[in-house]
Amino acid sequence: MSASVPSTRIKTNRHVFVLEDEVPGAPGLRAVRCRACRCHTLGRALICSHCFSRDVAPEAAGQRAELVEFAVSNHPAGGFSAPYAIGLICTEEGFALFAPLVGDPASFAHETLLRFTLLDRDDGTVAFAYAADDGAQ
Ligand SMILES: [Zn+2]
């Protein structure tokens with residue numbers, strides 16, 4: 001693996017997600033992967049939340065998810081123009097979290113397959129969201 005070069009792009013929240021050049025498997029949600037049990041723990045962690053091993057290393061997670069529930073907001077907020085959707089998602093690693101959804105809010109439904117995506121915003125920052133996974137890369 002080549003040496004990691006920190007990104008100079010400004011993220012809307014540096015604690016939640018990682019960019020392409022930050023950790024293995026990025027972009028994705030900030031996580032660590034346990035070398036003992038191979039499970040992921042969401043966020044910056046020094047100990048595996050599954051087996052309590054201290055042998056963990058940063059690795060992005062959450063590239064694929066499934067939509068559990070969602071709500072549509074008709075008021076712009078946080079750089080998202082209305083209408084936009086916020087979803088309760090479950091990632092393939094089993095993380096449950098709320099995340100912004102991009103795309104036509106009318107196209108979302110329970111169990112819609114989602115993929116992690118980065119959004120370059122007008123103010124120069126980069127945010128994350130989930131989009132319907134059409135299978136294309
Ligand atoms: Zn573990």
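The values are calculated or read from the model by the stated rules, or taken from the named source; none is laboratory data. Since the structure is predicted, the reported quantities are computational estimates derived from the model, not experimental observations. Positions of Cβ are generated from backbone atoms using ideal geometry, with glycine treated the same way; all protein chains shown enter the neighbour counts. Surface accessibility is based on the protein's heavy atoms, side chains included, excluding ligands, DNA and RNA. Shrake-Rupley method; radii C 1.70, N 1.55, O 1.52, S 1.80 Å.
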Please sort by residue number the trypsin sites (Lys or Arg not before Pro) in region 44-137 whose DSSP state is loop and whose Cβ has at most 15 other Cβ atoms within 10 Å.
Arg44, Arg54, Arg121
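Summarise the accessible area of the chain (1.4 Å probe, protein heavy atoms) by the percent that is carbon and sulfur.
55 percent
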What is the magnitude of the charge dipole of the chain about its Cα centre, with +1 placed on the Cβ of each Lys and Arg, -1 on the Cβ of each Asp and Glu, and no other charges, expressed in debye to the nearest 20?
600 debye
Can you sort Val56, Val18 by solvent-accessible area, 1.4 Å probe, largest first?
Val56, Val18
For Asp120 paired with Cys37, estimate the spin-label separation in nm (one decimal), with each label point 7 Å from Cα along the Cα-to-Cβ line.
4.0 nm
Are there any GluC sites (Glu not before Pro) in region 74-137 that are in a DSSP loop and have at most 10 other Cβ atoms within 10 Å? List them by number.
Glu111
Length added when fully stretched, Ala82-Arg9, from 0.36 nm per residue minus Cα-Cα:
23.7 nm
For the chain, take the alpha-carbon Rg, divide it by the Kirkwood Rh, and send me Rg/Rh.
0.99
Average accessible surface area per residue within region 1-96, 1.4 Å rolling probe, Å²
59 Å²
